[in-house]
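Quick note: the coordinates plus some simple rules give every number you see, no bench work behind them. None of the values given here were measured: they were computed from a predicted structure.
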Amino acid sequence: MNYPFVSTDHDFRIEVKTEFDFDQSNPIQGQFLFSYKIHITNLGNKTAQLISRKWFIKNSKQEVRTVEGPGVVGHTPIFRPNEDFEYQSFCPIDTITGEMWGHFIMRGDSGIEFKIDTPVFKFKIPEEFIDRY
């Protein structure tokens with residue numbers, strides 16, 4: 001699968017793919033829903049658990065909102081060496097373009113927590129949908 005947004009931090013690769021959800025969006029009310037799929041891979045030789053995440057979401061008016069909480073989609077996956085985890089979620093924004101970035105807080109076997117940054121990933125309505133709005 002092609003993930004256009006990729007970063008590596010603390011021996012973890014984070015790959016992100018975004019998609020516009022036409023059926024769940026309501027342009028008349030300024031509501032645009034984008035889904036995103038995130039694939040996280042432990043490239044290192046130590047085990048760690050994802051315990052929380054923090055997101056920064058920016059619309060095309062340069063307004064930024066923050067979302068944070070435990071785990072991802074109800075999970076706190078444990079990554080042993082070479083293991084991965086993939087999940088899908090969504091992000092509503094009030095403009096036809098935007099971007100999102102953030103980080104995951106991980107806890108190693110020793111109990112020490114560390115942060116892994118995600119790539120900045122973009123939300124954009126595909127050209128074929130512009131005429132429908």
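A few points about this structure:
- Calculated SAXS-style log₁₀ I(q)/I(0) at q = 0.15 Å⁻¹ - the range 1-110, Debye, Cα scatterers: -0.68
- Take every pair of alpha-carbon atoms less than 8 Å apart whose residues are at least six positions apart; their mean separation over the length of the range 5-125 yields a relative contact order of 31 percent.
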